[in-house]
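J.: This is the structure I want to talk about, given as structure tokens.
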DNA sequence: CTCGAATATACATTGACAGGAATATTCCAA
DNA sequence: TTGGAATATTCCTGTCAATGTATATTCGAG
């Protein structure tokens, strides 16, 4: 989960993932479209690969990279655990304020 | 989108967000549960706040932090644009290989 | 088997960021 | 009004990661 997020947190890598959403690409094409030097593209792809976000298939000289769905599905699953927050609109703030107040009173009690 | 991801990429901050999923908390409680010193907790909360992931409400001495749904909804929307990839299971790899091959041939043509 | 294209790796440099410690600020209670 | 609790801010330092440059590797064409 963490390696996925930090992989996506880098703007160029996020952009790569968005590029690959429309289909596989070679390293050179990715570097071209992002205006990156080839070594940086390779390095970013390595990080994405280690996070499981992409996989590579060699074809002669080229390396074709494509998306792997699993990490994005994981992210989706994680997100879904928050979904009730904006669906049920359940803040628990007032509840929490009451608890705070209670603990104040408890603190004031002289046993 | 980027500030959201880089905010969540830090393990302690991700943990804070998960804590707040169950309801609002004060800075001190967050620091306690994560085993952080108070200043680091405040700093992480500042980053989360700037990313719009949390909001704060002062109550006397304390600051109560709670989740804001919007950024997570944005992330969800972004993810959903990838959903067809693992639903339709459409790789486009063979398609892409054909294109590669065609461009090879085009390169070979003697006009 | 040699050349050039495509890609990966190594190395050095620089900048961002997380953690620690100290300090400032705000608020309530006595 | 003084003291202490809760929180934010500042400064310093070390570490990590992104970039640029150079080099190694692999492959097909001729």
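J.: Please tell me if residue A:62 is within 24 Å of residue B:101 (Cβ to Cβ) and over 13 Å from the mean Cα position of the chain (by Cα).
T.: yes
J.: Still on this structure, I have one more. Does the range B:44-67 hold any residues that are away from DNA strand D (no atom under 15 Å from the Cβ) and either within 11 Å of another protein chain (Cβ to nearest Cβ) or within 30 Å of residue A:24 (Cβ to Cβ) (or both), and which are they?
T.: The one that is away from DNA strand D (no atom under 15 Å from the Cβ) and either within 11 Å of another protein chain (Cβ to nearest Cβ) or within 30 Å of residue A:24 (Cβ to Cβ) (or both): B:67.
A quick yes/no check of all residues on (1) part of a helix (DSSP H, G or I); (2) modelled with pLDDT of 95 or more; (3) over 27 Å from residue A:2 (Cα atoms):
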site	(1), (2), (3)
A:40	yes, yes, no
A:56	no, yes, no
A:75	yes, yes, no
A:78	yes, yes, no
A:101	yes, no, yes
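J.: Here's something else I'd like to know. Taking the range A:29-39 only, how many residues are more than 11 Å from chain B (Cβ to nearest Cβ), out of contact with any helix residue (DSSP H, G or I) (no Cβ under 6 Å at 6 or more places or on another chain) and within 8 Å of DNA strand C (Cβ to nearest atom)?
T.: Qualifying residue count for the region: 1.
J.: Now for a separate question. Just checking, does the range A:2-23 include any residue being outside any loop (DSSP other than H, G, I, E, B), over 24 Å from residue B:75 (Cα atoms) and modelled with pLDDT of 95 or more?
T.: For the range A:2-23, residues outside any loop (DSSP other than H, G, I, E, B), over 24 Å from residue B:75 (Cα atoms) and modelled with pLDDT of 95 or more: absent.
J.: Taking the residues in the range B:10-43 that are without any contact (Cβ under 8 Å) to a residue 12 or more places away in the chain and within 12 Å of DNA strand D (Cβ to nearest atom) as candidates, determine which candidate is surrounded by the most Cβ atoms within 10 Å (Cβ to Cβ).
T.: B:31
The values are calculated or read from the model by the stated rules, or taken from the named source; none is laboratory data. No experiment lies behind these values; they were computed from the predicted model shown. Cβ: placed from backbone, ideal geometry, glycine included. Neighbour counts: every protein chain shown.
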